[in-house]
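Coordinate-derived values only; no laboratory data. Predicted model, so just to flag it, every value in this text is computed and none were measured. Because the Cβ atoms are built from the backbone with ideal geometry, glycine has one as well, and the counts that use them run over all protein chains shown.
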Amino acid sequence: MPQIDQLAEIWSSQVFWTLVFFGITFFVIGRGMVPKVMETVGMRDKQISDDLAAAQAARDAADAQEEAWRERENANRAKAQGLIAEAKASAAAASEKKLAAAQKRLDTKLAKAEADIEAARTSAMAEIEDVALEATQDIVSRLAGTKVDKRSARSAVKKALANG
Amino acid sequence: MAADAGKVDPMKQFQVEPLFGSESWEIAGYGIAFTNSAVWMAITVALLWAFVFGGMKRELVPGRWQMAVETFTGFIDDMLEANVGKEGRKYLPYIFSLFMFILFANLLGLVPVGIIPGVHAFTFTSHFTVTGVLAILSFSIVLIVGFWKHGFKFFSLFVPHGTPIWLLWLIPVIELISFMVRPFSLALRLFVAMMAGHVLLKVLSSFVIDSINGGAVFGAFIGVPSLILMVAISALEILVAGIQAYVFALLTSLYINDAEHLH
């Protein structure tokens, strides 16, 4: 094979040109160009990770804002609920007071009416007694021609009324 | 190649010829004739430069070409990261150059430029004088890094962990031999793989030519199957071109890992 047959005459040329061209490859391409390619890749990776971090930060901020908003909303709702409850309570208290006052008025009216009725009845009773007394005296004087004094007539009437 | 007289010499493709009347070039008595081998090295470097240059547009959103170049650099970078670790980064220029130089050389040797009259493809990675230089470079880097980082402790590489004391006279010898064999295995593996594939293709092509010259029957029964086999082997050779470049780079990075971390 020529690799061995020609060895004596070509080895130095082969070694020399391999070193030259691999040297060019290493120093120009490997050392000169590859780091720049890698740098671009690194820059892109950094950009991507930065963008991701920014997106994450924005998302966190949005979450925080939403959380704050929710808290505020909850507080507002709670406040509103408190206001409603308070209004309800005060309204209930007011109506209760009104009811109580009305009840009181009614009660007094009722009591007065009852008292009036009682008084009317008492006076009516007294009047009936008087009328009955007079009638008794009248009847007795007309029938028996005798005058009955007021006291005995009254006791008789009372007796009759109590039985009646 | 040698279409004249219908004879194909499968070894002729490995012949090194001085070009441009450079036979007499020499430095200190050593001939440095600019040969067809050197021409193909120059073509390899030029194409590799053009390839990587196309990937230097440094765009944040890469185009196809830039993506291709970044795929290769990223591939080597990942390999070094996996085999050497963080310290592997600084070997990226060397391993990348090595891998791409061998890969382009292997692939260029498979390009059928022979169909252009007077042009002959030459696969310089099929010469152990070339692969030997690359292997010695890799081996030297391992030695220099190893002794630079660890000094004489580098010799502990030859005493693996858990070596029984009564085997201390034998294991280091075996380890030393396996260590010293590395540059040879590196160089020979690539050279043999490249040469075998090209010889096989050339032998098959001589089957095709000779059988067709021998008549239609021979041509149909030997020439056609040989041609089909050649197509299949050409595909295989493209695979081998990539694998051999990868193996060379991978083994070099593994050896560098030994030098960086001992074991």
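Some values worked out for this structure:
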item	result
Acute angle (nearest 10 degrees) that the helix B:224-261 long axis makes with the longest principal axis of chain B, alpha-carbon atoms	20 degrees
Cut-off under 5 Å, modelled amide H: who pairs with residue B:35 long-range	B:19
Size of charge dipole - region B:69-218 - debye, nearest 20, with Cβ of Lys, Arg +1 and Asp, Glu -1, no other charges	340 debye
Sequence-distant lysines (8 or more away, or on other chains) whose Cα lies within less than 17 Å of residue A:88	A:79, A:97, A:98
The protein assembly as shown - charge dipole about Cα centre, Lys and Arg +1 at Cβ, Asp and Glu -1, debye rounded to 20	2540 debye
Table column - 3J(HN,Hα) (Hz), region B:23-37, Karplus curve with 6.51, -1.76, 1.60, x for Gly and Pro	4, 8, 4, 7, 10, 6, x, 8, x, 10, 3, 7, 9, 4, 4
Residues B:152, B:96, B:34, sorted so that the one with the fewest Cβ neighbours within 10 Å comes first	B:152, B:34, B:96
Cα-projected label distance for residue A:73 with residue A:131, points at 7 Å along beta-carbon direction, nm	8.3 nm
Listed residues B:109, B:141, B:218: farthest to the positive end of the dipole of chain B (Cβ charges)	B:141
Per-residue ³J(HN,Hα) for region B:145-155, Karplus 6.51 cos²θ - 1.76 cosθ + 1.60, θ = phi - 60°, Hz, x for Gly and Pro	4, x, 6, 5, 7, 10, x, 6, 4, 4, 5
